[in-house]
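Worksheet: the structure to be examined is printed underneath.
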Amino acid sequence: MPPSLPALIGCRYLLDVRSILRILADNIKRTGLPVPGDPGLLTSWSTGLDLPEKGDVILYTGGLYQLLPYIEEFAEYLEKLEGGKAGGLLLKAAGKLRRLASLSKIVVRPSRERLEYSRQVLVSIVELLKSAGVEIAYPRSVDSYSGVLLYDMGLDTVFKEHARKVAEALESVGAKTIVTIDPHTTHVLRKVFPRYVEGFAPTVKSYIEVLAENIDNLQFKQGDAGRVVIHDPCFYARYEDIIDEPRLLLGKAGYTVVEPRRSGRMTYCCGGPIESIAPRLSRRIAETRARELDEAGGEIIATLCPICYSNLRRAYRGLGLERDIQDLSILLYRRLGP
Amino acid sequence: MKDPRAEIIETAGKCLYCGFCEALCPTRPLGPHRGYGPRGRVNIAYMLAKGEIVASSHVVESLYSCLLCRACELKCPIALPIAEIIRNARGLIAEPGLNASKSPSINRVQVFARRT
């Protein structure tokens, strides 16, 4: 029997990229966020934390941790549109995909549990920085989405305009050091912004680097905290060379760090960067990595990036496995104390 | 900043077509053709920048399925900035007025035979 047309062209994975790019650009222009949502969600986590607005060292979250629950919901919505049996899926979904252009207006409502986890990560980071003796300020009006997805997707004109606004806001508070909390924001601020925004050259450090620099100030509980399999995010390990720092911190906090088959610079991607463009392909990559982390034989899996956390969590759920995945900040915060 | 099109032509044009990068690419073994691997993507980016192909659905699929994870760069013998080439090539597709087209698919044989 001759092969079918889908078999000849191969099983294709991507959603309508141009529509997704339009949605992304449209969302950014309307709210400054890549997915539908209220801009206030970026800063609401800090209510009641009594953080100063001004200081030499400021926290810039870039919004990924806060936005991830919304991005997850949005990706799941897109994945449903993509649904259908391999081969004929694009044909089946074609009618629905035409509606993608109006998706920027849909409302996504993440679960309370996911929103609470993101809040806990942010609070843990602040508490860790304070415990390390870092006088951290949080100018709420300056915190925003960094625009990293615009850059990654090649939307250079929209990114440049967005980056200029972000950089102007950051420069207006006159901080000497900007502390970031996820690998993508760290990279885009440190390496990409200076190429797109003339004169933008502040010191940008990940909170992990800052904690490692001040490791002697951190007091952790005594005793064995368990075996932790570390998943290095590509953007820390290969773009920013942040590899030793999380291991040092986990070690000091009493954890035994277990290396998966591929770790450090040789790490394997979680599949997250294409979750909104090619959800099925993204999931297959995540499942490969999830199995690999599992084979390493730890009790907990540590992620250092909200995208990795989200994608690996979904992968384990898809595989029907219950695994304890935790953000590095949560693991370290748990161990703070005499 | 350099003109992205010129930058792609300059850097991607150096690809040796050795294929060492493919072994490390997470998407290559899962994709239906070599456009899902770094070697294919770099050469598609090169031809797109030169204006030899248009941004067809196959081109979009190839360039936008990349994770930008840079695993491929670990084995490139001439240290090509592969992820940067691919990201810059996305700019040629995403930017309005630049090469955006719904024209027919490229001939894959043409793409992969061209540089061998």
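Only the coordinates and a few stated rules stand behind these numbers; no lab work does. Just so it is clear, the model here is predicted, and its values are computed rather than measured. Cβ: placed from backbone, ideal geometry, glycine included. Neighbour counts: every protein chain shown.
Neighbouring Cβ atoms from other chains, within 10 Å of the Cβ of residues in B:9-20, number 0 on average. Across peptide A:232-239, the average count of Cβ atoms from other chains found within 10 Å of a residue's Cβ is 3. With N counted as the residues of region A:205-256, its alpha-carbon radius of gyration over 2.2 N^0.38 Å works out to 1.18. For region B:41-81 versus region A:267-318, the inter-centroid distance based on Cα atoms is 24 Å. Peptides A:35-45, B:26-36, A:146-156 ordered by packing proxy, namely the average of other Cβ atoms within 10 Å per residue, highest first: A:146-156, B:26-36, A:35-45. Mind scanning B:K2/B:K75; A:K54/A:K205; A:K29/B:K2; A:K165/A:K252; A:K29/A:K130; A:K165/A:K205 and naming the pairs with a C-alpha gap bigger than 28 Å? With Cα atoms farther than 28 Å apart: A:K165/A:K252; A:K29/A:K130. Of all beta bridges DSSP finds with both residues in chain A, what is the antiparallel percent, to the nearest 5? Beta bridges within chain A, antiparallel portion: roughly 5 percent. Expressed per residue, the C-alpha convex hull volume of the protein assembly as shown stands at 145 Å³.
Which order do the peptides A:162-172, B:82-92, A:305-315 come out in when sorted by mean C-beta neighbours inside 10 angstrom, highest first? Could the numbers behind the result be given before it?
Values: A:162-172: 17.6, B:82-92: 23.8, A:305-315: 26.0.
The densest-packed peptide leads the list: A:305-315, B:82-92, A:162-172.
Per residue of peptide A:270-282, the mean number of Cβ atoms on other chains within 10 Å of the residue Cβ is 4.
Helices of chain A meeting both criteria, an alpha-carbon length of 18 angstrom or more along the long axis and an average Kyte-Doolittle score not below -1.0, with helices taken as full DSSP H segments, are A:17-31, A:64-82, A:112-131, A:156-172, A:306-319. Between A:R265 and A:D241, the contour length at 0.36 nm per residue exceeds the Cα-Cα span by 7.9 nm. Calculated [222 nm] ellipticity per residue, helices only, for the protein assembly as shown: -13500 deg cm²/dmol; basis is -39500 (n - 2.57) per DSSP H run with n ≥ 4, divided by all residues, nearest 500. Radius of gyration (Cα atoms) of region A:219-333, expressed as a multiple of 2.2 N^0.38 Å: 1.02.
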